[in-house]
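Beneath this line is the structure, given in structure tokens, with notes to follow.
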Amino acid sequence: MKLTKFLFSMMFITAMSLLYIQLQVQIFDLAYQGKSRELEMQRLSDENTAILYNISTLKSANHLGEKVLSQDSGMKFLDDEHVVKLMTPVHHPENLNLVANPDKKSFFADLFSLKSQAEAGPR
């Protein structure tokens, strides 16, 4: 009976050891997966930064000016005969009475007006 008890305890210890080793292997595997995902995120972040830089370069005024004003582009500035001129009636400001009277002060303007600032002088 002692031999069966010994074999049973050895099998139990072996099973527990194998289970512990399996858990440690899973821990290392998850650590490697996390590291590879971190590297992938860093690569995607770098790629995103490069793409945003390229987009901002393409949207820049310098690049657009070079594209629009180059000789092989089909665009050109309009001459005077293709410009539409609009004539609007002239309104004089004295007729509209929009100019405020600078001499007239309101009650709140007197109440919240700034007084002269104190200045430091020699003793």
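The values are calculated or read from the model by the stated rules, or taken from the named source; none is laboratory data. Since the structure is predicted, the reported quantities are computational estimates derived from the model, not experimental observations. Here the Cβ positions follow ideal geometry from the backbone for every residue, glycine too, while neighbour counts run over all protein chains shown.
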When residue 85 is run through (1) at pLDDT 90 or above; (2) loosely packed, with under 10 Cβ neighbours inside 10 Å, the failure sits at (1)
Quick one: in the stretch 57-90, of everything that is of a type in the set (A, V, I, L, M) and not in a helix (DSSP H, G or I), which residue is nearest to the chain's Cα centre (by Cα)? 75
